[in-house]
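As structure tokens, the structure follows; a few thoughts come after it.
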Amino acid sequence: MNMKESEKQQNTNDEIMQNLRYVANDFLLREEWEQSIQTYSQFISLCQTHISNLQTRPDPKLQRSLCLAFSNRAEARSRTRDFDGALRDCDEALKIDNTHFKTLMCKGKILLNLDGYSMALNCFKIANLDNPNNVDSETLNGYLEKCKKLEFLSRSGAFDFSNWISNGFKGKLPELAEYIGAIEIKKSEISGRGLVATKNIDSGTLLVVTKAIATERGILPESNKDDSGKNSQLVMWKNFVDKVVESTSNCQRTRCLISKLSSGENEEALEVPDISYFRPESEKDCSYSTEKIDMNVMLSVLDVNSLVEETFSSKFSGKKGDYHGVGIWILASFINHSCHPNVKRFHVGDHVIIHASRNIKEGEEITLGYFDVFSPLKARKEMAKNWGFDCHCKRCKFESEMSLQHEMSEIEMGYEIGADVGTMVYKLEESMKRWMVRGKLKGYLRASFWKVYSELFVSEKFMMKWARRVPTMDVVVESVVEAVGGDERVLSVVIEGLKRSSGGGGGMMEMEKAMKLGRGVYGKVMKKQAMRSLLC
């Protein structure tokens, strides 16, 4: 090829690349992400080929164009949630210019979205250092402050939901970061693997804050017996599965973490992963998780590990009874069920927050109520059956033995037909005396029939009649909380008692007891002053 032909070919290539760049930029501005990605890919391929064919040092202008193309493709890929691809593009752009502002901002935002607070902070710091007079300084400073805050929260767990809770769980959601407290993963005596406390933990202590891999929420018909209700559930489940598949396809770390969950088979042979795998900026190698997870395995994993946002476990969401949600929270999936649980969970946005609902001893397994544990044994067995398992916890074993007693059968029947609450409480308390039931075991039975205890304690009429023949509210509440942890319904009865005593304020000692119970219900994410205002 002579000189003129060579120049002509060069001009043609330049025109093609110029046109591709314009088209790709136009797609990006119009937020047509897939078309933008495809066009930038063509430009990048031509640009790299041209650079490799050059005999001399690459043209700086061409290098800048290539850097910007990688950066823009990273932006487009991040919008399609292809985070792995977007990060690869960012790294390619930074190889060309390690202080490229737009790329540093893009990478920082992606890492922040993936909870890589320190790595994101480093990107924003470099962007700020090398571009002191940039036009986006206000936006950049906002990201710097956000990263610093989330990094601190992730290390310390010093969350404060006081204002939000005091406002009735309304308004802007609290800013949340991934957090793991004093827990580890071990073989479980209950089932498969579980979380275990690594030290003594006080009631209210925060244990886990973790973001969902995916969620799906919606309004379901009150009755699921007709076809419309079943179809709504199927649509919700399909949408949820699609979201999980997309998340695992687009992020290697997500794929790695999902692969560590049980599919419900051969539980005893499963490895016990180190807790550090689940920390936000884990350096554990996930490079082996490059292949997609088999769809049948994925469906089994989701069936076994997904959590539902039912009303009793989602008080903080402020949703009505017909509102339902399903999600997958990786670390929370390791928590086994017990009818005498020691933690509570609640949902804030896409995060699940787990805190101790009673004191937990070092080495004790962390357990959660998958369903309402303030129910009689018969109802709990039915709910466990719906979840696909039989509960063999200490409480269920004890209550199964007690159910053989004739008096217990009468009490259960009275509960079902709505017998006089005072009579029922009196019969149960007298029966426990004859059976020599003591300590936490009393709390188990009282929790099973909490509905009748609460109706008794909030009624002045019933209390005038039965007060001298049944234990005080304080005694019953203390035993229930020790046995099954704090609960909103127990706290509401205590608050009613406070309002009735001493002109509505209650004494100092009574208030401290209520505050202690409140910490088990709401956790220490709510400070004393806010807790006091809520209780009063």
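Report the equivalent ellipsoid semi-axes for the chain in whole Å, largest first, defined as the square roots of five times the eigenvalues of the gyration tensor built from alpha carbon atoms.
Semi-axis lengths for the chain are 57, 25, 20 Å.
Compute the whole-percent fraction of alpha carbon pairs in region 424-536 spaced more than 23 Å apart.
Roughly 29 percent, rounded to a whole number.
So how far, in whole Å, is the C-alpha centre of region 320-399 from the one of region 458-475?
30 Å
Using only the alpha carbons of region 128-220, determine the length spanned along each of the three principal axes and report them from longest to shortest in whole angstroms.
Principal axes ranked by extent give 60, 38, 27 Å for the Cα atoms.
Please say if region 353-428 is rounded, prolate or oblate, where rounded means a/c under 1.5 for a ≥ b ≥ c the square roots of the C-alpha gyration tensor eigenvalues, and otherwise the choice is prolate for a/b larger than b/c and oblate otherwise?
Prolate is the answer for region 353-428, as a/c is 1.5 or above and a/b outweighs b/c.
Would you kindly find the accessible area of Asp274, with a 1.4 Å probe and non-protein molecules such as ligands, DNA and RNA excluded, rounding to the nearest 10 Å²?
80 Å²
Extension gain Ser249-Ile16, at 0.36 nm per residue separation less the Cα-Cα distance, in nm?
Once the chain is fully extended between Ser249 and Ile16, it gains 80.6 nm.
If each of Thr423 and Gln529 carries a label point 7 Å out from its Cα toward its Cβ, how far apart are those two points in nm?
Placing both labels 7 Å along Cα→Cβ, they lie 5.2 nm apart.
Starting from the Cα of Thr472, step 7 Å along the direction of its Cβ; do the same at Thr198; then give the gap between the two resulting points in nm.
Distance between label points: 4.1 nm.
Express the carbon and sulfur contribution to the solvent-accessible surface of the chain as a percent, rounded to the nearest whole number, probe 1.4 angstrom.
Reported share for carbon and sulfur atoms: 50 percent.
Grab the beta carbon distance between Asn98 and Met413, set R0 = 56 Å, and tell me the FRET efficiency rounded to 0.05.
With R0 = 56 Å, the Cβ-Cβ based efficiency is 0.15.
Per residue, how much accessible area does the chain have with a 1.4 Å probe, in Å²?
For the chain, the per-residue accessible area is 52 Å².
Taking the Cβ of Leu368 as the center, what net charge do the other residues with Cβ under 10 Å away carry, scoring Lys and Arg +1 and Asp and Glu -1?
Within the 10 Å Cβ shell, the charges total +2.
Over 27 Å between C-alpha atoms is what I'm after, so list which of Lys344/Lys527; Lys397/Lys451; Lys149/Lys187 land there.
Beyond 27 Å between Cα atoms: Lys149/Lys187.
Distances longer than 19 Å among the Cα atoms of region 46-176: what percent of all pairs is that?
That fraction is 59 percent.
Between Arg155 and Asn122, what is the label-point separation in nm under the 7 Å Cα-to-beta-carbon projection?
1.5 nm
Which FRET efficiency, nearest 0.05, do Met295 and Asn231 yield, Cβ-Cβ r, R0 25 Å?
Approximately 0.70, to the nearest 0.05.
Give me the number: length gained by fully extending His392 to Gln63, i.e. 0.36 nm times residue separation minus the C-alpha to C-alpha distance, one decimal in nm.
111.8 nm
Can you figure out the FRET efficiency of Lys433 with Val458, using R₀ = 25 Å and their beta-carbon distance, to the nearest 0.05?
After rounding, the FRET efficiency stands at 0.55.
The values are calculated or read from the model by the stated rules, or taken from the named source; none is laboratory data. Model, not experiment: these values are computed from the prediction. Here the Cβ is made from the backbone with ideal geometry for all residues, glycine too, and neighbour counts use every protein chain on show. Side chains are part of the model used for accessible areas, which takes the heavy atoms of the whole protein and leaves out ligands, DNA and RNA. Shrake-Rupley method; radii C 1.70, N 1.55, O 1.52, S 1.80 Å.
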